Amino acid sequence: MENERAVPLAERMRPTSLDEVIGQTKVMDLLRKIVAGREPVSLIFWGPPGTGKTTLARIIAREMDADFVELSAVTSGKKDIEKIVERARANWNLNIRTILFVDEIHRFNKAQQDAFLPHVESGLISLIGATTENPSFEVISPLLSRSRVIVLEQLSRDDIKEVVRRAVIAENLDKKITDDAIETLARLANGDARTALGTLEVAAGLIKNRQKITPETIEQAAGTKLPIYDKKGEMHYDVISAFIKSMRAGDDRAALYYLARMVAAGEDPKFIARRMLIFASEDISLAGNGALGLALNAFMSVERIGMPEGGIVLSHVAVALARAKKSRETYDMWAEAKTLANQFSDAPVPIHVRNAPTKLMKELGFGEGQKWEAGFKHAKGYLPDEVKKFLNS
């Protein structure tokens, strides 16, 4: 019993079958079909921490009666891969399937990932990789093309509460924890089941026999929890994308929510301000010519006054940009202009719009018919003839 207690609660509560898994309803039917088919298949589990990547890999191996080998890309090297290949060959001779689980597969370099390829292709090894990063950028194309990517979603608060309630019953804590404490635990876990169970375990150790686990106990056990936000990772791009799209849609409350998340996570305020500058020109454009100046003032303000006061400026301007009328006119015109410039990069400038600094050039027709007056429009226009023909075709 003492040895069992030494195992972390999150490990003791790990599901052992697909039916015990909480959440991930969108992919469970597919995983059941894969298990039922009992055919070798390589998978890449992509999702946030604590969403069940390792658990699902172990369940698949167990239900397929396969030899399950775990490898961490953080601590393993080429020699470890070679040992696993030898083990897989021995299993092959015994008609036993080998499933290799690589945690944090994105940390393996190209050469290390290449080492898996021939064995995955031959069927000697079924590879299951786990990553929190976008596999499109972190897993080599040949390996990615031979694997099925399974996207795991962050667990909802209801999912986390169900995970916690199961653990509470298993640990005989049902009379020692309040409903508010479970709510607090689900909120602080940020969709990470492992974090929730770890915090519950610490909280249980903090109370005495007659005490109850309250929201305050949970907060004490959790300590200071930083937002899950990597300035160089996927979350960084997801949140700024949601911020921009919210402003584009005119949803100022959503824009402020994502802005607050970035600020709370310590995002560079100048990065946010730069994106607002781009947005003002790209999405508002001629519909509100003052927007670009407002966004520029926001950039200069956060540069000069810093944070946290700069957050007030960013929120002010984010609401203004969200509420402004939108126009993509200049953005679309600029895109067309770049395409034309690339397609007709050598088109001669019409003689009548060229500069004519000498008498000879004037006699040859350079600048002919031009007048120095506001709003003057030359009858022949200003684009090269071949560009005009293309646009009129």
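The values are calculated or read from the model by the stated rules, or taken from the named source; none is laboratory data. Just so we're clear, the structure is a prediction, and the values are computed from it rather than from any experiment. We place every Cβ from the backbone using ideal geometry, glycine too, and count neighbours over all the protein chains shown. We work out accessible area using only protein heavy atoms, side chains counted, and drop any ligands, DNA or RNA first. Shrake-Rupley method; radii C 1.70, N 1.55, O 1.52, S 1.80 Å.
Filter the stretch 172-181 down to residues that are surrounded by 15 or more Cβ atoms within 10 Å (Cβ to Cβ) and not in a helix (DSSP H, G or I), then give me how many there are.
3
Of everything in the stretch 3-25, what is assigned to a helix (DSSP H, G or I) and modelled with pLDDT of 90 or more? Give them in sequence order. Break it down stepwise before answering.
We begin by selecting, within the stretch 3-25, every residue assigned to a helix (DSSP H, G or I); these are 3-6, 9-12, 18-20, 25.
Scanning the stretch 3-25 gives L9, A10, E11, R12, L18, D19, E20, T25.
Being in a helix (DSSP H, G or I) and acidic (D, E) is the filter here; which residues of the stretch 349-375 pass it? So that I can check it myself, show each step before the final result.
Keep residues of the stretch 349-375 that are in a helix (DSSP H, G or I), which gives 351-353, 359-363.
Result: E363, single match.
Working carefully through the options I160, I169, find the one that is under 30 Å from A203 (Cβ atoms), open to solvent by 70 Å² or more (accessible area, probe 1.4 Å), assigned to a helix (DSSP H, G or I) and out of contact with any strand residue (DSSP E or B) (no Cβ under 6 Å at 6 or more places or on another chain).
Numbers: I160 fails: open to solvent by 70 Å² or more (accessible area, probe 1.4 Å).
One residue alone meets the criteria, I169.
Quick check on the stretch 376-393: of everything there that is part of a loop (DSSP other than H, G, I, E, B) and open to solvent by 70 Å² or more (accessible area, probe 1.4 Å), which residue is modelled with the lowest pLDDT?
If we filter the stretch 376-393 for residues that are part of a loop (DSSP other than H, G, I, E, B), which is where we start, we get 376-384, 393.
Of the ones still in play, those that are also open to solvent by 70 Å² or more (accessible area, probe 1.4 Å) are 377, 379-380, 382-383, 393.
Details: K377: 86, A379: 86, K380: 88, Y382: 87, L383: 90, S393: 81.
Among residues in the stretch 376-393 that are part of a loop (DSSP other than H, G, I, E, B) and open to solvent by 70 Å² or more (accessible area, probe 1.4 Å), the one modelled with the lowest pLDDT is S393.
Of (1) farther than 20 Å from L30 by Cβ; (2) open to solvent by 20 Å² or more (accessible area, probe 1.4 Å), R148 satisfies all except one. Which?
Exception for R148: condition (1).
Among the residues of the stretch 92-110, count how many are without any contact (Cβ under 8 Å) to a residue 24 or more places away in the chain and among the basic types (K, R). Reasoning before the result, please.
Step one: filter the stretch 92-110 for residues without any contact (Cβ under 8 Å) to a residue 24 or more places away in the chain, giving 93-95, 109.
Filter again for among the basic types (K, R), leaving none.
Counting residues in the stretch 92-110 that are without any contact (Cβ under 8 Å) to a residue 24 or more places away in the chain and among the basic types (K, R) gives 0.
Test each condition in (1) at pLDDT below 95; (2) in a helix (DSSP H, G or I) for V149 and report the one that comes out false.
It is condition (2) that V149 fails.
Mind listing whichever residues of the stretch 358-375 are of a type outside the set (D, E) and surrounded by fewer than 10 Cβ atoms within 10 Å (Cβ to Cβ)? Don't jump to the end; show me each part of the working.
Step one: of the stretch 358-375, the residues of a type outside the set (D, E) are 358-362, 364-367, 369-372, 374-375.
Scanning the stretch 358-375 gives K359, L360, K371, W372, A374, G375.
Filter the stretch 237-276 for residues that are in contact with an Asp or Glu (Cβ under 8 Å, 6 or more places away or on another chain) and basic (K, R); which is nearest to A320 (Cα to Cα)?
If we take residues in the stretch 237-276 being in contact with an Asp or Glu (Cβ under 8 Å, 6 or more places away or on another chain) and basic (K, R), then R248 is nearest to A320 (Cα to Cα).
So the check is Cβ under 9 Å with 6+ separation or different chains; which pairs have a first residue in the stretch 315-344 that's closer than 24 Å to A242 by Cβ and a second one that's open to solvent by less than 30 Å² (accessible area, probe 1.4 Å) and not in a helix (DSSP H, G or I)?
Listed pairs, sorted by first residue: none to list.
Quick check, is R210 over 30 Å from A318 (Cβ atoms), open to solvent by 30 Å² or more (accessible area, probe 1.4 Å) and out of contact with any helix residue (DSSP H, G or I) (no Cβ under 9 Å at 6 or more places or on another chain)?
Here the answer is yes, as R210 does meet what is asked.
Taking the criterion of being within 19 Å of F45 (Cβ to Cβ), open to solvent by less than 70 Å² (accessible area, probe 1.4 Å) and assigned to a strand (DSSP E or B), would at least one residue in the stretch 182-195 satisfy it? Spell out how you get there, then give the answer.
Keep residues of the stretch 182-195 that are within 19 Å of F45 (Cβ to Cβ), which gives 190-195.
Still in the running and open to solvent by less than 70 Å² (accessible area, probe 1.4 Å): 190-193, 195.
After this cut, where a residue has to be assigned to a strand (DSSP E or B) as well, the list is none.
Within the stretch 182-195 (the criterion being within 19 Å of F45 (Cβ to Cβ), open to solvent by less than 70 Å² (accessible area, probe 1.4 Å) and assigned to a strand (DSSP E or B)), the answer is no, since none of the residues qualifies.
Select, from V7, V85, the only residue that is closer than 16 Å to V120 by Cα and among the aliphatic types (A, V, I, L, M). Before the answer, list the steps.
On the way: V7 fails: closer than 16 Å to V120 by Cα.
Sole residue among the options that is closer than 16 Å to V120 by Cα and among the aliphatic types (A, V, I, L, M): V85.
Is it the case, given these coordinates, that V349 is out of contact with any Asp or Glu (no Cβ under 6 Å at 6 or more places or on another chain) and either touching a residue at least 24 places away in the same chain (Cβ under 8 Å) or open to solvent by less than 60 Å² (accessible area, probe 1.4 Å) (or both)? First the steps, then the outcome.
Details: out of contact with any Asp or Glu (no Cβ under 6 Å at 6 or more places or on another chain): yes; either touching a residue at least 24 places away in the same chain (Cβ under 8 Å) or open to solvent by less than 60 Å² (accessible area, probe 1.4 Å) (or both): yes.
When the stated conditions are applied, V349 passes them.
Can you pull out every residue in the stretch 56-81 that is out of contact with any helix residue (DSSP H, G or I) (no Cβ under 9 Å at 6 or more places or on another chain) and in contact (Cβ under 8 Å) with a residue 24 or more places away in the chain?
Kept after step one, since they are out of contact with any helix residue (DSSP H, G or I) (no Cβ under 9 Å at 6 or more places or on another chain), are these residues of the stretch 56-81: 57-58, 61-62, 65, 75, 79-80.
Matches in the stretch 56-81: A57, R58, A61, R62, D65.
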